[in-house]
Amino acid sequence: MLRQVKPRTARSKRALEKRAPKAVENPKKALFLRGTTCSQITQDAMQDLFALRQTHAKRFHKKNPLHPFEDASSLSFFSEKNDCSLLLFGSSNKKRPHAITFARTFDYKMLDMLEFILDGESFRSISQFKTKKVPVGTRPLMVFAGTAFESPVPNAFTMAKSMLLDFFRGDATDKIDVEGLQFVVVVTADEPTATENPEDPSSKPVLRLRVYTIRTKRSGQKLPRVELEEHGPRMDFRLGRVQEPDSDMLKEALRKAKTNEERTKKNISTDIMGDKLGRIHMGKLDLSELQTRKMKGLKRERDQRSPDEEETVFEEEPKPKRKAKA
């Protein structure tokens with residue numbers, strides 16, 4: 001049974017209500033951490049990712065001796081302490097250089113983790129692109145290209161897609177201003193090969209992340225001409241270690257709260273006049289067993305007699321004529 005903390009002051013009560021489960025959850029916050037050995041390329045990449053999610057992110061510069069795939073208790077502690085359900089941990093060593101580990105928590109317990117190994121040679125930071133920067137807090141468009149993201153069986157690429165969507169997703173809204181669509185994040189996955197080795201990340205398909213700004217120009221028509229200009233960062237990843245979520249915890253995390261909204265009833269609709277229409281589905285009827293009402297009109301008539309029966313014809317006698325009165 002989970003320990004329930006009772007608030008003693010109004011301030012602690014507001015803090016607990018803010019962290020309590022809601023029907024519509026708050027935007028997920030991301031916490032950026034670094035290990036004891038973290039290369040400059042990894043730090044620059046995390047700085048660029050932090051710039052794209054600056055309104056809902058925290059960044060720590062202190063070195064932390066953490067090993068997420070060996071012991072995730074420290075990450076769970078940081079998640080609960082800072083109220084962050086997304087964690088990015090940067091580290092670098094000889095076997096896995098320029099590694100960024102994405103981790104997600106549920107109820108401040110580790111849900112799943114995925115390691116992105118960055119290619120240091122092809123990496124380009126935002127500062128290397130001399131373009132107009134997007135405003136802070138702008139939500140991007142997301143594009144995922146590649147058959148690896150469409151796999152019906154959950155794998156590392158489907159998990160990467162889910163994590164990137166959670167990372168770049170901002171506030172939930174039902175209205176979109178077209179002027180606010182200023183940049184797009186394109187994630188492309190190479191086609192998997194037959195020589196792929198699960199233990200060797202260098203043999204896995206490359207995951208390419210590109211960020212473009214959207215420019216609209218006059219086209220002489222009603223719709224403007226749309227052009228894309230690379231904004232940065234430019235990152236090429238290979239997927240490394242994976243920690244899949246526990247089935248029971250994942251089922252609990254995907255559960256939706258019951259609301260007071262009226263559920264739509266099947267086979268019931270309303271026409272333009274406001275009248276309720278219902279559709280009834282019936283099984284196949286056997287008309288041979290249908291019981292009809294007995295009446296004279298259903299009896300056999302003369303014209304339905306068999307040809308063996310003889311029909312007698314009677315001639316009518318002529319009626320006497322009446323005398324006319326004088």
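In this simple spin-label model, placing a label point 7 Å from the Cα along the Cα-to-Cβ direction at both Thr55 and Lys133 gives a separation of 1.6 nm.
For region 152-292, the solvent-accessible area of protein heavy atoms averages 80 Å² per residue (probe radius 1.4 Å; ligands and nucleic acids excluded). Spin-label model, Asp71/Lys6: points 7 Å from Cα along the beta carbon direction are separated by 3.5 nm. A simple spin-label model places pseudo-atoms 7 Å from Cα toward Cβ; at Lys63 and Lys258 they are separated by 5.4 nm. In the structure displayed, which of Lys18/Lys161; Lys28/Lys265; Lys22/Lys276; Lys6/Lys258; Lys22/Lys251; Lys81/Lys109 lie more than 23 Å apart, Cα to Cα? Violating the 23 Å Cα-Cα cut-off are Lys18/Lys161; Lys28/Lys265; Lys22/Lys276; Lys6/Lys258.
Using alpha-carbon pairs under 8 Å, 6+ residues apart, how would you state the relative contact order of region 85-200 in percent?
Relative contact order, region 85-200: 22 percent.
Surface composition of region 118-203: carbon plus sulfur atoms contribute 54% of the solvent-accessible area (1.4 Å probe, protein chains only, all chains present).
Each listed q (0.11, 0.14, 0.15, 0.21 Å⁻¹) maps to a log10 I(q)/I(0) for region 1-152, found by the Debye formula over equal Cα scatterers with no solvent: -0.54, -0.84, -0.95, -1.45. A simple count of charges around Pro135, restricted to other residues whose Cβ falls under 14 Å of its Cβ and scoring Lys, Arg +1 and Asp, Glu -1, yields +2.
Relative protection proxy for 102-108, 131-137, from highest mean packing down: 102-108, 131-137 (other beta-carbon atoms within 10 angstrom).
Summing +1 for each Lys or Arg and -1 for each Asp or Glu among the other residues whose beta-carbon sits under 11 angstrom from that of Arg34 gives +3. Solvent-accessible area of region 19-115 (1.4 angstrom probe, protein heavy atoms only): carbon and sulfur portion equals 53 percent. Mean sequence separation of contacting Cα pairs (under 8 Å, at least six apart), scaled by the length of region 26-102, corresponds to a relative contact order of 45 percent. Only Lys, Arg, Asp and Glu carry charge here, each on its Cβ (+1 for the first two, -1 for the last two); on that basis region 57-113 has a dipole of about 400 debye about its Cα centre. Could you work out how much longer the chain between Ile268 and Met142 gets when fully extended? Use 0.36 nm per residue separation minus the Cα distance between them, nm to one decimal. Going from the current span to full extension adds 41.7 nm. Using the Cβ-Cβ distance between Asp171 and Leu285 with R0 = 51 Å, the FRET efficiency computed as 1/(1 + (r/R0)^6) comes to roughly 0.35.
The values are calculated or read from the model by the stated rules, or taken from the named source; none is laboratory data. Note that this is a predicted model, so its numbers are computed, not measured. Neighbour counts run over all protein chains shown; Cβ positions are idealised from the backbone, glycine included. All accessible areas refer to the heavy atoms of the entire protein, side chains included, with ligands and DNA or RNA removed. Shrake-Rupley method; radii C 1.70, N 1.55, O 1.52, S 1.80 Å.
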